[in-house]
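Every number here is computed from the coordinates shown, using simple stated rules; none is lab data. Note that the structure is predicted; figures quoted are calculated from it, not measured. We place every Cβ from the backbone using ideal geometry, glycine too, and count neighbours over all the protein chains shown.
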Amino acid sequence: MALCRNVNGKRTFIKKPELLAPAGNLEKLKTAIIYGADAVFIGGKEFSLRSAASNFSLEDIKEAVAFANQYGADIHVTCNIILHNDNLTGLKEYLCALDEIGVKAIIVADPYIMTLAKSLNLKLEVHVSTQMSTLNSEAIRFYQEMGMDRVVFGREVAYRDLKLMRERNRNIDMEYFIHGAMCIAYSGRCMLSNYFSRRDANRGGCSQSCRWYYDIEADGQKLNGEDEIPFSMSSKDMCLVHEIPKLIEIGIDSLKIEGRMKSLHYIATVVSTYRKLIDTYCADPDHFEDNWYEAELQKSANRAFCEGFFDQTPDETFQLFNLRDEHPTQEFVLRVLDYDHEKKLAKVEQRNYFKVGDQVEIFSPVRDNLYFKVEKIYNEDMEEVTVANHPMEILYLPLAQEVSENDMGRKVKS
Ligand code: SF4
């Protein structure tokens with residue numbers, strides 16, 4: 001729980017909430033940690049939802065834990081499928097292997113995995129997955145009596161209930177979603193994907209059927225309306241950037257970002273923005289200014305934001321309906337690999353098309369954003385080129401301002 005002290009009239013948080021980030025591969029995991037995540041949740045190749053994103057072998061998890069340890073960060077591994085009988089084989093050995101590697105926690109939905117993990121006397125913590133839709137104090141007490149270490153709330157918990165549960169349930173960790181995609185159904189209670197595409201949302205295969213376009217018919221008549229636009233149920237994305245102070249003040253232990261399938265740019269942008277927000281608020285909560293963070297998050301957003309269930313049950317204004325496709329205002333174009341101070345030359349890796357004349361914003365885990373116009377581009381043979389159009393190509397850019405390895409560049413759209 002976050003701890004606050006008061007020295008000479010100035011409040012400061014001496015224990016901050018954990019910032020928990022998603023990662024679908026090792027590159028994203030390392031980026032999340034470099035950009036300020038205290039912990040990263042990943043899926044293994046087995047027993048995890050989001051099977052398409054869950055590409056961490058035990059060897060990968062070992063590398064992830066070793067990397068995280070260098071930064072004092074933790075790795076959580078999702079083991080949150082609802083087990084069928086044919087999923088039982090190898091489970092015990094898998095949990096023991098995760099424990100041996102030094103994974104901090106497993107995130108679990110099936111009651112059998114909860115009890116098995118505890119009966120094995122492992123060092124790792126057992127966290128109750130959001131798939132269990134934990135929404136009340138008595139359910140928390142139940143999991144606490146089972147020996148669970150943390151509850152990950154369903155996205156359907158409102159702030160007033162969260163505050164009440166924090167007051168009533170002091171002896172268990174609480175994790176709350178602050179950012180990312182929302183289901184239109186209760187989390188973990190949706191069969192649309194199973195029905196339409198035979199892809200099981202509870203075994204990692206959701207085909208996002210709620211975001212498809214549908215014709216609405218009654219008695220053989222299309223009811224799409226005069227403009228003939230098909231219907232979609234897509235929810236806006238959750239963004240609680242303006243509510244983080246409230247969550248810190250009531251002592252939520254972990255603030256969770258959704259998106260193991262999301263891009264490197266998304267992870268770097270979202271993690272670094274919340275990192276800066278949490279650090280700034282905790283250092284001097286009484287003089288905190290919430291004046292920059294949402295605009296920064298918008299740069300990697302591809303849907304409009306809403307606050308989910310935080311203050312109210314979402315209504316139609318929280319849905320996108322026919323406005324599903326929205327795009328970031330800026331586009332990820334490069335990653336910095338090195339900077340030569342003498343030559344004032346940045347070595348970069350191309351990530352998307354850019355050209356001479358483009359305006360680029362560099363953002364960084366260690367300094368404020370900076371802007372420059374691309375004046376010249378050199379290839380690896382130091383030949384001048386006018387466009388960067390080869391994915392992952394190594395390029396050099398003259399740059400008067402200092403940049404650092406792992407900084408990223410976005411093209412600023414006019
Ligand atoms: S189809 Fe939509 S509402 Fe259902 S599980 Fe998938 S994302 Fe969630």
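Take every pair of alpha-carbon atoms less than 8 Å apart whose residues are at least six positions apart; their mean separation over the length of the chain yields a relative contact order of 15 percent.
The overall shape of segment 1-70 is prolate: from the C-alpha gyration tensor, with semi-axes ordered a ≥ b ≥ c, the ratio a/c is 1.5 or greater and a/b exceeds b/c. Compute a Gaussian network model of the chain, connecting alpha carbons closer than 10 Å, and tell me which residue from Ala64, Ala39, Ala185 fluctuates the most. Its mean-square fluctuation being the largest, the pick is Ala185.
If you run the Gaussian network model on the chain, springs between alpha carbon atoms under 10 Å, then out of Glu243, Glu361, Glu402 the most flexible one is Glu402.
The charge dipole of segment 330-412, taken about its Cα centre with unit charges on the Cβ of Lys, Arg, Asp and Glu (plus for the first two, minus for the last two), comes to roughly 300 debye.
Please name which of Cys210, Asn55, Val77 has its Cα lying farthest along the dipole of the chain towards the positive end, using unit charges on Cβ (Lys, Arg +1; Asp, Glu -1) and the Cα centre as origin. Projecting each Cα onto the dipole axis, the largest value belongs to Val77. Stretching the chain fully between Glu249 and Leu88 yields a gain of 53.8 nm (0.36 nm per residue, less the alpha carbon separation). Excluding Tyr112 itself, calculate the net charge of residues whose Cβ lies under 14 Å from the Cβ of Tyr112, where each Lys or Arg counts +1 and each Asp or Glu counts -1. Once all neighbours under 14 Å are counted, the net charge is 0. Summarising the amide proton neighbourhood of Thr78: residues at separation of 5 or more, or on other chains, whose placed amide H is nearer than 5 Å comprise Ile42, Gly43, Gly44, Ile107.
Taking segment 366-408 and a reference point 7 angstrom along Cα→Cβ of Lys344, the backbone N atoms nearer than 18 Å belong to 370-378, 396-404. Taking label points 7 Å from Cα along the Cα-to-Cβ direction, Ala97 and Asp290 give a separation of 4.5 nm. All other residues whose Cβ lies under 10 angstrom from that of Leu223 are scored, Lys and Arg at +1 and Asp and Glu at -1, for a net of -2. What pairs from Lys256/Lys276; Lys28/Lys276; Lys376/Lys411; Lys30/Lys246; Lys262/Lys411; Lys28/Lys262 go past 21 Å between their alpha carbons? Over 21 Å Cα-Cα: Lys30/Lys246.
The charge dipole of the chain, taken about its Cα centre with unit charges on the Cβ atoms of Lys, Arg (+1), Asp and Glu (-1) only, comes to about 800 debye. Taking a straight Cα-Cα cut-off under 14 Å and skipping sequence neighbours fewer than 8 places away in the same chain, the aspartates and glutamates within cross-link reach of Lys92 are Glu46, Glu100, Asp110. Each peptide in 378-388, 269-279, 345-355, 158-168 receives the mean, over its residues, of other Cβ atoms within 10 Å, and ordering these scores from highest gives 269-279, 345-355, 158-168, 378-388. Among Phe310, Phe41, Phe231, the largest mean-square fluctuation in a Gaussian network model of the chain, built with springs joining Cα atoms closer than 10 Å, belongs to Phe231. Taking a Cβ cut-off of under 11 Å around Tyr186, the surrounding Lys, Arg, Asp and Glu residues balance to a net charge of +1, with basic ones at +1 and acidic ones at -1. Per-peptide packing, taken as the mean over residues of other Cβ atoms within 10 Å, places 212-219, 301-308 in the sequence 301-308, 212-219 from highest down.
Under the criterion of Cα pairs below 8 Å and six or more residues apart, the relative contact order for segment 13-142 equals 19 percent.
Evaluating 6.51 cos²θ - 1.76 cosθ + 1.60 at θ = phi - 60° for every residue in segment 157-163, the Karplus couplings come out as 7, 7, 4, 4, 6, 4, 4 Hz, glycine and proline recorded as x.
Computed from phi, the 3J(HN,Hα) profile of segment 359-373 under the Karplus parametrisation 6.51, -1.76, 1.60 (θ = phi - 60°) reads 8, 10, 9, 9, 10, 8, x, 10, 8, 5, 4, 9, 10, 8, 9 Hz, with x in place of Gly and Pro. Assuming a ≥ b ≥ c are the square roots of the Cα gyration tensor eigenvalues, decide whether segment 154-242 counts as rounded (a/c under 1.5), prolate (otherwise, with a/b larger than b/c) or oblate. Prolate shape, in that a/c is at least 1.5 and a/b is the bigger ratio. Sequence-ordered 3J(HN,Hα) estimates for segment 339-350 from the Karplus curve with 6.51, -1.76 and 1.60 and θ = phi - 60° stand at 9, 8, 5, 5, 7, 6, 10, 9, 8, 10, 10, 6 Hz, glycine and proline given as x.
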